[in-house]
Structure formats: structure tokens, C-alpha cells
1. Obtain the nm distance between the two label points defined at Glu52 and Ser219 by a simple spin-label model: each point lies 7 Å from its Cα along the Cα-to-C-beta direction.
2. Residue by residue, what Karplus-based ³J(HN,Hα) values in Hz, rounded to whole numbers, does segment 198-213 have, using 6.51, -1.76 and 1.60 with θ = phi - 60° and x for Gly and Pro?
3. Using a Gaussian network for the chain with springs between C-alpha atoms less than 10 Å apart, which of these wobbles most: Ala190, Ala102, Ala14?
4. Could you check the spin-label model distance between Lys80 and Lys202? Points 7 Å from the Cα along Cα→Cβ, value in nm.
5. Given R₀ = 30 Å, what would the calculated FRET efficiency be for Asp168 paired with Leu122, taking r from the Cβ atoms and rounding to 0.05?
6. If the limit is 25 Å between Cα atoms, which of Lys24/Lys56; Lys24/Lys218; Lys115/Lys217 go over it?
7. Tally up the carbon and sulfur contribution to the accessible surface of segment 3-220 as a whole percent, 1.4 Å probe, everything protein left in place.
8. Report the relative contact order of segment 93-221, percent, no decimals, based on alpha-carbon pairs under 8 angstrom and at least 6 residues apart.
Amino acid sequence: MVELAPSILSCNFANLEADIEKTKGTDLKNLHIDVMDGLFVPNISFGFKVIEDIRKKNDYYFDTHAMIEEPIRYVEEFKKSGVDRLTIHYEACKDLDKTIGAVKDSRMEVGLTFKPATDINLVIPYLDKIDLVLVMSVEPGFGGQSFMEDSLDKIKILREYIDKNNLDCLIEVDGGIKTTNVEKVIDAGADLIVSGSDIFGKDIKNQIDKYYKIFEKKSLS
Ligand code: DX5
Ligand code: ZN
């Protein structure tokens, strides 16, 4: 079944613990953690201390999206702060093979993502080396933007390639996803759905339950 990874970027950071508490008692297994450095993207979010502190308060799988230049510099810090999977940007790494190797060596799962303008054909050769590919359906940097429709074709291309080659690589989609448009993202072939403002900007538990109802319905159809 498809899974959900709510992006804590849309939490109220003055009430971060309370917002995350509200996700409990649902079917949720993952949290999506957006780290931004103000260089790779024009925004700064939070760093290791925040991840470490929320790690102590829950057992969710920490699906971490590093929007930072040269993430290889901080692989150990991500691991130490409690990250389970580190997703790095194609555009941010001078030596992508080395960076993927460093994430694997530190015993985290490794994800690879790319900005909307980056040619998907540059990413495809890495699919057999990574645990997850993340399709950005907005320009990375901010929550609350509109879903880019052309990302559906990218999901379809990746789904076809992964299935044809029998690869063990999940497809995650991030940006502008709501309960009202998630079905077409699932139909295109997504395994893991990120949603920020549509969860933390609303009745958190109710929204998560709504997503899981849709996922269940889709898994039966
Ligand atoms: C954007 C982030 C997203 C963002 C999603 O750079 O990677 O994870 O928080 O938020 P929504 O769902 O509001 O687009
Ligand atoms: Zn993200």
C-alpha cells in the first residue's frame, strides 16, 4: 500500500511537539523532514538539534530531504541525529557516487531527488544504486505551493523503468499534494506521498485518516 510522509515544515515550530503528537494513533509510519541551508534553496529551515530532539519523542521513520549544498559534509551528523533515510539532490553534489556511498556507509537508506528543471535522464542511471527516488512536484524551498502537473509524467517514466528492471527503489512525490489531487499521483505510480500544508495546516489527525482511507481504497481497486 501507498504510505504517507507528512512534512513537518508546515508545523507550527512554536508547538512542534504538540503538532507531531497529533499524528499519533493514526496509521502513520513516516515523517518527512526538510532541511534547507539558504544556499541550495532560498530558505533556511532547521538543523540537527531539532531532528535529534524530535527523535527522542517518537519512533517514526525519519524520511529526510536534504536541500543543502554538498550534503556529504554532514552525512555523519544526519545519522547521529536519528535520520533513517537521507535524500540528497542531484544538483547539490559534485561527486554523486561518492555521496551515495557515504550515506550507505553510515547505514542510512539513500534517496536521490532532482529539481523540476533537471532532466530525468540524468537520474535514471542511479536508480539501481538508491533506495528511493523523490520526484519534486514543486520548486524546492517552501511549503504551500501548487502541484506541477508535469511531474505526473516523470512518475510514470520512473515507475515503468523500475518495474521493467525489477529494481528495489521506491518512488516518493513531494510538493503541492492534497487529498483532492493525491489519487492521480498514486495512479501515476507513487509509493510514498509527502504532504505538508494539507496536513499541518488543518485538522492533523483527520487529514491523515483521510489520506489512509484513500490509500486503502486505491489498494483495493
Ligand atoms: C518543499 C519541501 C516540501 C514541502 C511540502 O521544498 O520539500 O516537503 O514541505 O509542502 P506542501 O505539501 O505544502 O507542498
Ligand atoms: Zn521535502
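The values are calculated or read from the model by the stated rules, or taken from the named source; none is laboratory data. Since this is a predicted model, take the numbers as computed values, not measurements. A quick note on method: Cβ atoms are made from the backbone with ideal geometry, for glycine too, and the neighbour counts reach across all protein chains shown. With ligands, DNA and RNA removed, areas are computed over all heavy atoms of the protein, side chains included. Shrake-Rupley method; radii C 1.70, N 1.55, O 1.52, S 1.80 Å.
1. 3.6 nm
2. Once rounded to whole Hz, the list reads 6, 10, 7, x, 10, 6, 4, 5, 4, 5, 4, 4, 4, 4, 5, 5.
3. Sorting by GNM fluctuation, first place goes to Ala14.
4. Using points 7 Å along Cα→Cβ, the separation is 4.0 nm.
5. Working: r = 21 Å, r/R0 = 0.69.
So the FRET efficiency works out to roughly 0.90.
6. Lys115/Lys217
7. On the way: 4800 of 9740 Å².
Answer for segment 3-220 is 49 percent, counting heavy atoms of protein chains only.
8. Numbers: 167 pairs, mean separation 25.6, N = 129.
Over segment 93-221, the number comes to 20 percent.
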